[in-house]
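K.L.:
Let me give you the structure first, and then I'll get to my questions.
The values are calculated or read from the model by the stated rules, or taken from the named source; none is laboratory data. Since the structure is predicted, the reported quantities are computational estimates derived from the model, not experimental observations. A quick note on method: Cβ atoms are made from the backbone with ideal geometry, for glycine too, and the neighbour counts reach across all protein chains shown. Each accessible area value is taken on the protein alone, full model and side chains, heavy atoms only, with ligands, DNA and RNA left out. Shrake-Rupley method; radii C 1.70, N 1.55, O 1.52, S 1.80 Å.
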Amino acid sequence: MTNSFDQNLAPKPYELISFPKKAPTLASPAGHDRYDPNKLHGSLHLVLEVQTGVHVSTGVVAMGSDIGNNRIPLIKTMTHNVDRQLVIQGSSLKGCVRSIYEVITNSTLAVISGRYREKMPPERMPCKKKEELCPASRVFGAMDWQGLVKFTDANCRLAKPTIGFMPSLYRPRPERPDYYGKNGKILGRKFYYNTNRAIEPGENRGIPMQQAGRLLTFETLLHYQNLAPAELGILLIALGQDPKYPLALKVGGGKPIGMGTMTVEVRAVEQSANMGDRYRQYELDADTKITGDALESFVQQQIQAAYGSPLLEQPQLIELAKVLGHPSDREPPSGMY
(Lines give C-alpha, C1' and ligand atoms only; values in the text may rest on other atoms or scores of the structure.)
Protein backbone atom coordinates (compact mmCIF):
# COMPACT_ATOMS: atom_id res chain seq x y z
CA MET A 1 0.00 0.00 0.00
CA THR A 2 1.21 3.51 -0.73
CA ASN A 3 1.26 6.50 1.57
CA SER A 4 -1.18 8.31 -0.73
CA PHE A 5 -3.75 5.60 0.04
CA ASP A 6 -3.56 6.42 3.75
CA GLN A 7 -3.58 10.16 3.19
CA ASN A 8 -6.88 9.97 1.31
CA LEU A 9 -8.66 8.29 4.23
CA ALA A 10 -10.35 10.03 7.12
CA PRO A 11 -8.91 9.27 10.58
CA LYS A 12 -10.13 5.84 11.61
CA PRO A 13 -12.90 5.88 14.25
CA TYR A 14 -12.11 2.34 15.41
CA GLU A 15 -9.45 0.13 16.93
CA LEU A 16 -8.47 -3.48 16.39
CA ILE A 17 -8.55 -5.37 19.69
CA SER A 18 -5.68 -7.85 19.59
CA PHE A 19 -6.20 -11.60 19.57
CA PRO A 20 -4.76 -13.53 22.54
CA LYS A 21 -1.50 -15.21 21.60
CA LYS A 22 -2.70 -18.71 22.47
CA ALA A 23 -5.25 -20.57 20.36
CA PRO A 24 -8.73 -20.92 21.93
CA THR A 25 -9.38 -23.92 24.18
CA LEU A 26 -12.18 -26.01 22.69
CA ALA A 27 -14.55 -28.11 24.81
CA SER A 28 -18.06 -29.58 24.83
CA PRO A 29 -20.90 -27.29 25.99
CA ALA A 30 -22.99 -27.89 29.09
CA GLY A 31 -25.95 -29.23 27.10
CA HIS A 32 -29.73 -28.73 27.07
CA ASP A 33 -30.79 -32.14 28.35
CA ARG A 34 -30.88 -31.19 32.04
CA TYR A 35 -30.44 -28.32 34.49
CA ASP A 36 -27.07 -28.84 36.16
CA PRO A 37 -27.49 -28.21 39.92
CA ASN A 38 -23.96 -26.78 40.01
CA LYS A 39 -24.69 -24.17 37.30
CA LEU A 40 -26.80 -20.99 37.19
CA HIS A 41 -30.21 -20.64 35.53
CA GLY A 42 -32.43 -17.59 35.34
CA SER A 43 -33.17 -14.29 33.63
CA LEU A 44 -31.71 -10.79 33.68
CA HIS A 45 -34.20 -7.91 33.47
CA LEU A 46 -32.36 -5.28 31.44
CA VAL A 47 -33.05 -1.62 30.68
CA LEU A 48 -31.06 -0.14 27.79
CA GLU A 49 -30.75 3.64 27.58
CA VAL A 50 -29.89 5.39 24.31
CA GLN A 51 -26.87 7.70 24.63
CA THR A 52 -26.46 8.53 20.93
CA GLY A 53 -29.15 7.97 18.28
CA VAL A 54 -29.83 4.30 17.46
CA HIS A 55 -30.99 3.00 14.10
CA VAL A 56 -31.41 -0.76 13.59
CA SER A 57 -32.64 -1.00 10.02
CA THR A 58 -35.43 -3.26 8.79
CA GLY A 59 -33.97 -3.04 5.29
CA VAL A 60 -37.23 -1.41 4.16
CA VAL A 61 -37.52 2.12 2.81
CA ALA A 62 -41.07 3.46 3.27
CA MET A 63 -42.90 6.50 2.00
CA GLY A 64 -42.93 9.21 4.63
CA SER A 65 -46.70 9.55 4.32
CA ASP A 66 -47.10 5.86 5.26
CA ILE A 67 -45.50 6.44 8.65
CA GLY A 68 -47.07 9.80 9.39
CA ASN A 69 -44.44 12.16 7.95
CA ASN A 70 -45.57 14.02 4.84
CA ARG A 71 -42.50 16.27 4.76
CA ILE A 72 -39.98 13.53 3.83
CA PRO A 73 -40.61 11.41 0.70
CA LEU A 74 -38.69 8.25 1.70
CA ILE A 75 -37.45 7.06 5.10
CA LYS A 76 -35.37 4.06 6.19
CA THR A 77 -37.43 2.29 8.83
CA MET A 78 -36.91 0.54 12.17
CA THR A 79 -38.97 -2.35 13.55
CA HIS A 80 -42.13 -1.48 15.53
CA ASN A 81 -44.42 -3.49 17.77
CA VAL A 82 -48.23 -3.55 17.54
CA ASP A 83 -48.39 -0.33 19.59
CA ARG A 84 -46.15 1.41 17.00
CA GLN A 85 -43.31 1.65 19.48
CA LEU A 86 -39.72 0.96 18.47
CA VAL A 87 -38.24 -2.51 18.85
CA ILE A 88 -34.63 -3.70 18.76
CA GLN A 89 -34.51 -7.33 17.74
CA GLY A 90 -33.08 -9.77 20.27
CA SER A 91 -30.80 -11.17 17.57
CA SER A 92 -29.18 -7.73 17.13
CA LEU A 93 -28.52 -7.44 20.86
CA LYS A 94 -27.20 -11.00 21.06
CA GLY A 95 -24.75 -10.39 18.22
CA CYS A 96 -23.56 -7.14 19.77
CA VAL A 97 -22.96 -8.69 23.21
CA ARG A 98 -21.41 -11.80 21.70
CA SER A 99 -18.77 -9.73 19.89
CA ILE A 100 -17.67 -8.31 23.26
CA TYR A 101 -17.74 -11.73 24.92
CA GLU A 102 -15.55 -13.11 22.11
CA VAL A 103 -12.95 -10.42 22.73
CA ILE A 104 -12.68 -10.79 26.49
CA THR A 105 -12.52 -14.59 26.33
CA ASN A 106 -10.13 -16.48 24.09
CA SER A 107 -12.69 -17.31 21.39
CA THR A 108 -13.07 -17.74 17.68
CA LEU A 109 -15.19 -15.44 15.55
CA ALA A 110 -18.85 -16.36 15.00
CA VAL A 111 -18.92 -15.46 11.30
CA ILE A 112 -16.28 -14.56 8.71
CA SER A 113 -17.07 -13.19 5.27
CA GLY A 114 -15.78 -15.44 2.50
CA ARG A 115 -13.64 -12.74 0.94
CA TYR A 116 -11.60 -12.35 4.16
CA ARG A 117 -11.25 -16.01 5.22
CA GLU A 118 -7.75 -16.38 3.84
CA LYS A 119 -6.64 -13.32 5.84
CA MET A 120 -7.93 -14.65 9.16
CA PRO A 121 -5.62 -16.58 11.54
CA PRO A 122 -6.73 -20.23 11.24
CA GLU A 123 -7.31 -20.59 14.99
CA ARG A 124 -9.91 -17.79 14.82
CA MET A 125 -12.12 -19.51 12.23
CA PRO A 126 -15.68 -20.28 13.42
CA CYS A 127 -16.25 -23.49 15.38
CA LYS A 128 -17.72 -26.29 13.26
CA LYS A 129 -18.16 -29.20 15.69
CA LYS A 130 -20.57 -28.91 18.61
CA GLU A 131 -18.28 -31.12 20.71
CA GLU A 132 -15.36 -28.70 20.17
CA LEU A 133 -16.47 -25.16 20.97
CA CYS A 134 -14.66 -22.03 22.10
CA PRO A 135 -15.88 -20.15 25.22
CA ALA A 136 -18.16 -17.76 23.30
CA SER A 137 -19.64 -20.52 21.13
CA ARG A 138 -20.46 -22.63 24.20
CA VAL A 139 -22.51 -19.74 25.60
CA PHE A 140 -23.94 -18.04 22.48
CA GLY A 141 -24.14 -20.94 20.05
CA ALA A 142 -22.46 -22.26 16.92
CA MET A 143 -23.24 -24.59 14.04
CA ASP A 144 -25.64 -27.30 15.32
CA TRP A 145 -25.55 -25.79 18.82
CA GLN A 146 -28.25 -23.43 20.11
CA GLY A 147 -26.30 -21.87 22.96
CA LEU A 148 -27.17 -21.20 26.59
CA VAL A 149 -28.49 -17.62 26.38
CA LYS A 150 -31.48 -16.02 24.69
CA PHE A 151 -32.27 -12.31 24.24
CA THR A 152 -35.90 -11.28 23.84
CA ASP A 153 -36.76 -8.30 21.63
CA ALA A 154 -36.20 -4.98 23.40
CA ASN A 155 -39.28 -2.73 23.46
CA CYS A 156 -39.37 1.04 23.83
CA ARG A 157 -42.40 1.83 25.95
CA LEU A 158 -42.43 5.58 26.37
CA ALA A 159 -41.96 7.38 23.07
CA LYS A 160 -42.25 7.12 19.31
CA PRO A 161 -39.28 7.34 16.89
CA THR A 162 -37.74 10.57 15.72
CA ILE A 163 -36.34 11.31 12.27
CA GLY A 164 -32.57 11.48 11.90
CA PHE A 165 -30.22 11.80 8.95
CA MET A 166 -27.27 9.52 8.30
CA PRO A 167 -24.52 10.62 5.91
CA SER A 168 -23.13 8.35 3.24
CA LEU A 169 -20.21 6.55 4.86
CA TYR A 170 -17.02 5.05 3.52
CA ARG A 171 -17.13 1.35 2.86
CA PRO A 172 -14.97 -0.82 5.16
CA ARG A 173 -11.29 -0.63 4.19
CA PRO A 174 -9.72 -3.97 5.21
CA GLU A 175 -6.99 -3.41 2.62
CA ARG A 176 -5.46 -0.81 4.93
CA PRO A 177 -1.97 -1.95 5.98
CA ASP A 178 -2.71 -1.42 9.69
CA TYR A 179 -5.19 -4.32 9.60
CA TYR A 180 -2.45 -6.91 9.16
CA GLY A 181 0.60 -8.33 10.93
CA LYS A 182 3.88 -9.38 9.34
CA ASN A 183 2.38 -12.74 8.42
CA GLY A 184 -0.36 -11.05 6.40
CA LYS A 185 -3.10 -12.10 8.83
CA ILE A 186 -5.67 -9.79 10.43
CA LEU A 187 -4.45 -8.51 13.81
CA GLY A 188 -7.68 -8.41 15.80
CA ARG A 189 -11.37 -7.64 16.07
CA LYS A 190 -12.67 -4.27 14.91
CA PHE A 191 -14.64 -2.05 17.33
CA TYR A 192 -15.86 1.51 16.78
CA TYR A 193 -15.29 4.05 19.53
CA ASN A 194 -18.04 5.31 21.77
CA THR A 195 -18.07 9.10 21.49
CA ASN A 196 -19.66 11.97 23.39
CA ARG A 197 -22.19 12.60 20.62
CA ALA A 198 -23.11 11.56 17.10
CA ILE A 199 -22.49 13.67 14.01
CA GLU A 200 -25.68 15.41 12.88
CA PRO A 201 -25.25 15.96 9.13
CA GLY A 202 -28.55 17.76 8.64
CA GLU A 203 -31.45 17.18 6.30
CA ASN A 204 -29.64 18.21 3.12
CA ARG A 205 -26.59 16.04 3.73
CA GLY A 206 -27.96 12.71 4.89
CA ILE A 207 -30.34 9.82 4.32
CA PRO A 208 -33.56 10.19 6.39
CA MET A 209 -34.15 7.37 8.86
CA GLN A 210 -36.21 6.48 11.89
CA GLN A 211 -34.15 6.39 15.05
CA ALA A 212 -34.42 6.09 18.81
CA GLY A 213 -33.39 9.45 20.22
CA ARG A 214 -31.12 10.09 23.17
CA LEU A 215 -32.30 8.94 26.63
CA LEU A 216 -35.08 6.72 25.31
CA THR A 217 -35.15 3.39 27.13
CA PHE A 218 -35.77 -0.16 25.98
CA GLU A 219 -36.64 -3.16 28.15
CA THR A 220 -35.60 -6.75 27.46
CA LEU A 221 -34.98 -10.10 29.12
CA LEU A 222 -31.81 -12.18 28.85
CA HIS A 223 -32.54 -15.82 29.70
CA TYR A 224 -29.66 -18.12 30.64
CA GLN A 225 -29.24 -21.74 31.69
CA ASN A 226 -26.37 -24.00 32.73
CA LEU A 227 -23.88 -21.15 33.02
CA ALA A 228 -20.90 -21.38 35.34
CA PRO A 229 -20.56 -18.35 37.66
CA ALA A 230 -17.51 -17.18 35.69
CA GLU A 231 -19.46 -17.38 32.41
CA LEU A 232 -22.31 -15.31 33.83
CA GLY A 233 -19.75 -12.91 35.31
CA ILE A 234 -18.10 -12.36 31.93
CA LEU A 235 -21.54 -11.83 30.41
CA LEU A 236 -22.23 -9.14 33.02
CA ILE A 237 -18.86 -7.50 32.29
CA ALA A 238 -19.81 -7.45 28.59
CA LEU A 239 -23.03 -5.68 29.60
CA GLY A 240 -21.01 -2.94 31.33
CA GLN A 241 -21.71 -4.00 34.95
CA ASP A 242 -18.09 -3.97 36.15
CA PRO A 243 -17.46 -0.54 37.76
CA LYS A 244 -13.79 -0.75 36.74
CA TYR A 245 -14.72 -1.13 33.06
CA PRO A 246 -18.06 0.61 32.39
CA LEU A 247 -18.62 -0.51 28.80
CA ALA A 248 -21.49 0.67 26.62
CA LEU A 249 -22.88 -1.29 23.69
CA LYS A 250 -22.67 -0.16 20.05
CA VAL A 251 -25.92 -1.16 18.36
CA GLY A 252 -27.18 -0.77 14.80
CA GLY A 253 -25.95 1.49 11.99
CA GLY A 254 -23.92 4.68 11.94
CA LYS A 255 -21.20 3.45 14.31
CA PRO A 256 -18.40 5.38 12.52
CA ILE A 257 -20.15 8.70 13.20
CA GLY A 258 -20.87 7.99 16.87
CA MET A 259 -24.35 6.48 16.60
CA GLY A 260 -25.55 3.39 18.42
CA THR A 261 -24.26 3.90 21.97
CA MET A 262 -26.49 2.27 24.60
CA THR A 263 -25.84 1.73 28.30
CA VAL A 264 -27.28 -1.24 30.20
CA GLU A 265 -28.84 -1.40 33.65
CA VAL A 266 -29.66 -4.72 35.31
CA ARG A 267 -32.96 -4.04 37.11
CA ALA A 268 -33.51 -7.52 38.52
CA VAL A 269 -32.40 -11.13 38.30
CA GLU A 270 -34.76 -14.10 38.45
CA GLN A 271 -32.52 -16.82 39.83
CA SER A 272 -33.88 -20.23 40.82
CA ALA A 273 -31.84 -22.52 43.04
CA ASN A 274 -34.08 -25.45 42.14
CA MET A 275 -35.44 -25.42 38.58
CA GLY A 276 -37.66 -28.40 39.43
CA ASP A 277 -39.86 -26.00 41.42
CA ARG A 278 -41.10 -24.57 38.13
CA TYR A 279 -42.73 -27.90 37.37
CA ARG A 280 -43.88 -28.92 40.87
CA GLN A 281 -45.81 -25.80 41.89
CA TYR A 282 -47.98 -23.18 40.25
CA GLU A 283 -46.38 -20.12 41.84
CA LEU A 284 -42.70 -19.48 42.45
CA ASP A 285 -41.45 -17.96 45.68
CA ALA A 286 -41.19 -14.18 45.60
CA ASP A 287 -37.53 -14.36 46.60
CA THR A 288 -36.59 -15.84 43.21
CA LYS A 289 -36.43 -12.23 41.93
CA ILE A 290 -33.34 -10.43 43.23
CA THR A 291 -33.34 -6.62 43.41
CA GLY A 292 -31.69 -3.79 45.36
CA ASP A 293 -28.62 -4.51 47.47
CA ALA A 294 -29.02 -8.25 47.00
CA LEU A 295 -28.91 -7.73 43.23
CA GLU A 296 -25.72 -5.67 43.45
CA SER A 297 -24.15 -8.34 45.62
CA PHE A 298 -25.19 -11.11 43.21
CA VAL A 299 -23.81 -9.26 40.16
CA GLN A 300 -20.47 -8.47 41.78
CA GLN A 301 -20.14 -12.04 43.07
CA GLN A 302 -20.37 -13.39 39.51
CA ILE A 303 -17.95 -10.74 38.23
CA GLN A 304 -15.42 -11.73 40.88
CA ALA A 305 -15.81 -15.36 39.78
CA ALA A 306 -14.91 -14.20 36.27
CA TYR A 307 -11.72 -12.53 37.51
CA GLY A 308 -10.76 -15.74 39.28
CA SER A 309 -11.24 -17.78 36.11
CA PRO A 310 -8.83 -18.43 33.22
CA LEU A 311 -11.75 -17.68 30.87
CA LEU A 312 -11.36 -13.90 31.23
CA GLU A 313 -8.67 -12.26 29.08
CA GLN A 314 -7.88 -9.10 31.05
CA PRO A 315 -5.41 -7.56 28.52
CA GLN A 316 -8.14 -7.61 25.87
CA LEU A 317 -10.68 -6.22 28.37
CA ILE A 318 -8.35 -3.30 29.10
CA GLU A 319 -7.93 -2.64 25.35
CA LEU A 320 -11.67 -2.81 24.75
CA ALA A 321 -12.50 -0.49 27.65
CA LYS A 322 -10.51 2.27 25.94
CA VAL A 323 -12.82 1.95 22.93
CA LEU A 324 -16.24 1.18 24.43
CA GLY A 325 -15.83 2.97 27.76
CA HIS A 326 -18.70 5.27 28.74
CA PRO A 327 -19.04 8.14 29.37
CA SER A 328 -16.54 9.28 26.77
CA ASP A 329 -15.01 12.67 26.03
CA ARG A 330 -13.98 11.55 22.55
CA GLU A 331 -15.36 13.66 19.70
CA PRO A 332 -16.84 11.88 16.66
CA PRO A 333 -14.60 11.99 13.59
CA SER A 334 -14.89 14.71 10.99
CA GLY A 335 -14.70 14.17 7.26
CA MET A 336 -16.59 10.87 7.27
CA TYR A 337 -18.98 11.80 4.49
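K.L.:
What is the dipole size for segment 1-125, taken about its Cα centre, with +1 at each Lys and Arg Cβ and -1 at each Asp and Glu Cβ, in debye to the nearest 20?
P.N.:
Result for segment 1-125 is approximately 220 debye, rounded to the nearest 20.
K.L.:
Please tell me the relative contact order of the chain in percent, rounded to the nearest whole number, where contacts are Cα pairs under 8 Å and at least six residues apart.
P.N.:
Relative CO of the chain lands at 31 percent.
K.L.:
What label, among (1) 24.1, 81; (2) 20.9, 71; (3) 22.0, 67, belongs to Rg and Dmax of the Cα atoms in Å computed from the structure on display?
P.N.:
Looking at Rg and Dmax of the Cα atoms in Å for this model, the match is (2).
K.L.:
Of 103, 61, 181, which is farthest on the positive side of the dipole of the chain, counting Cα position, with +1 on Lys and Arg Cβ, -1 on Asp and Glu Cβ, and the Cα centre as origin?
P.N.:
Of the listed residues, the answer is 181.
K.L.:
What is the gain in length, in nm to one decimal, between residue 36 and residue 157 on full extension, counting 0.36 nm per residue of separation less the C-alpha to C-alpha distance?
P.N.:
40.0 nm
K.L.:
Keeping all protein chains in place, calculate the accessible area per residue for the chain (probe 1.4 angstrom), answer in Å².
P.N.:
Ligands and nucleic acids excluded, the figure is 50 Å² per residue.
K.L.:
Can you run phi through the Karplus equation (6.51, -1.76, 1.60; θ = phi - 60°) for segment 209-218 and list ³J(HN,Hα) in whole Hz, with x for Gly and Pro?
P.N.:
8, 6, 8, 8, x, 4, 6, 5, 10, 10
K.L.:
What are the residues whose amide H is under 5 Å from the amide H of residue 216, where those residues sit 5 or more places off or on another chain and H is modelled from the backbone?
P.N.:
Hits under the 5 Å cutoff: 50.
K.L.:
Any idea what the relative contact order of segment 77-175 is, in percent, if you count C-alpha pairs under 8 Å spaced at least 6 apart?
P.N.:
It comes to 33 percent, rounded to a whole number.
K.L.:
Greater than 29 Å separation of Cα atoms is the criterion. Which listed pairs, 22/289; 94/130; 76/185; 190/289; 94/190; 39/119, meet it?
P.N.:
Cα-Cα > 29 Å for 22/289; 76/185; 190/289; 39/119; rest within.
K.L.:
From the square roots a ≥ b ≥ c of the eigenvalues of the alpha-carbon gyration tensor of segment 1-120, which class results: rounded (a/c under 1.5), prolate (a/b over b/c), or oblate?
P.N.:
Verdict is oblate for segment 1-120.
K.L.:
Amide H neighbours of residue 105 under 5 Å, counting only residues 5+ apart in sequence or on other chains, H built in-plane at 1.01 Å?
P.N.:
Counting only residues 5 or more places away or on other chains, the set is 313.
K.L.:
Also: In segment 290-337, with Lys and Arg counted as +1 and Asp and Glu as -1 at Cβ, which of these residues, 334, 307, 295, has the Cα nearest the positive end of the dipole, that is, farthest along it?
P.N.:
Of 334, 307, 295, it is 334.
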